[in-house]
1. If you go through segment 39-62, how many residues are farther than 24 Å from Asp129 by Cα and exposed (fewer than 13 other Cβ atoms within 10 Å of the Cβ)?
2. May I ask you to list the residues in segment 41-51 that are over 17 Å from Thr108 (Cβ atoms) and assigned to a helix (DSSP H, G or I)?
3. Ala86 is checked against (1) aliphatic (A, V, I, L, M); (2) surrounded by 16 or more Cβ atoms within 10 Å (Cβ to Cβ); (3) in contact with a Gly (Cβ under 8 Å, 6 or more places away or on another chain) and fails just one. What number does that condition carry?
4. Can you name the residue in segment 119-136 that is out of contact with any Asp or Glu (no Cβ under 8 Å at 6 or more places or on another chain) and at pLDDT below 95 and is also nearest to Pro63 (Cα to Cα) among such residues?
5. Please go through segment 103-129 and pick out each residue that is out of contact with any Gly (no Cβ under 8 Å at 6 or more places or on another chain), farther than 18 Å from Leu83 by Cα and in contact (Cβ under 8 Å) with a residue 40 or more places away in the chain.
6. Just to check your reading of the model, which residue among Gly66, Gly111 is farther than 18 Å from Met36 by Cα and surrounded by 12 or more Cβ atoms within 10 Å (Cβ to Cβ)?
Amino acid sequence: MKKVLATLVAVATLISSALAGPLDEMLDADRDFAAMAKAKGVPAAFAAYAADDVRMFPEGGAPYQGRDKLIERFSTWPEGATLSWAPMDGVAASSGDFGYTWGTYVFTAQGEDGETSSYGKYVSIWRKDADGWKFIVDIGNAGPAPEQTD
């Protein structure tokens, strides 16, 4: 019985380790995506990390498809506006080439009364191809500001 239990634990550990690799890669891609948005601007980052067949679901707007359409939509990004986000977790398929990440975001822009921020949450669906991880779906919606901790 102890040998069977030990074997099951060993197999579960191997499977868990195998699946952690793609998830870690995908979370790193999402973090790199966020870092590029901070360093080079949101439009450049979205253009770089979007798959050609991306589908976008903007809050309050109609869904649209395609990297070219994404680039067109982001060409009107407000001057000085920022979008920062951090993935909280995700799930990777056992194939290692598909999955999703989710997290929270902060959008900051200049308004009539100075700088304003809005908060939300997102889900990005990712696919790994010859060029690495690219997001194929992005969905975001508003949420409350993070709770203050003292």
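1. 5
2. Ala44, Ala47, Ala48, Tyr49 - these are the residues of segment 41-51 that are over 17 Å from Thr108 (Cβ atoms) and assigned to a helix (DSSP H, G or I).
3. (2)
4. Asp131
5. Within segment 103-129, Arg127, Asp129 meet the criteria.
6. Values: Gly111 fails: surrounded by 12 or more Cβ atoms within 10 Å (Cβ to Cβ).
Every option except Gly66 fails the conditions.
Rundown of residues vs (1) touching a strand residue (DSSP E or B) at 6+ places or on another chain (Cβ under 7 Å); (2) of a type outside the set (Lys, Arg); (3) touching a residue at least 40 places away in the same chain (Cβ under 8 Å), yes/no style:
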residue: Phe74; (1), (2), (3): no, yes, no
residue: Asp97; (1), (2), (3): yes, yes, yes
residue: Thr101; (1), (2), (3): yes, yes, yes
residue: Asp131; (1), (2), (3): no, yes, no
residue: Ala142; (1), (2), (3): yes, yes, yes
residue: Ala145; (1), (2), (3): yes, yes, no
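The values are calculated or read from the model by the stated rules, or taken from the named source; none is laboratory data. Bear in mind that the values here come from a model prediction, so they are computed numbers and not experimental data. Every residue, glycine among them, receives a Cβ derived from its backbone with ideal geometry; neighbour counts consider all protein chains shown.
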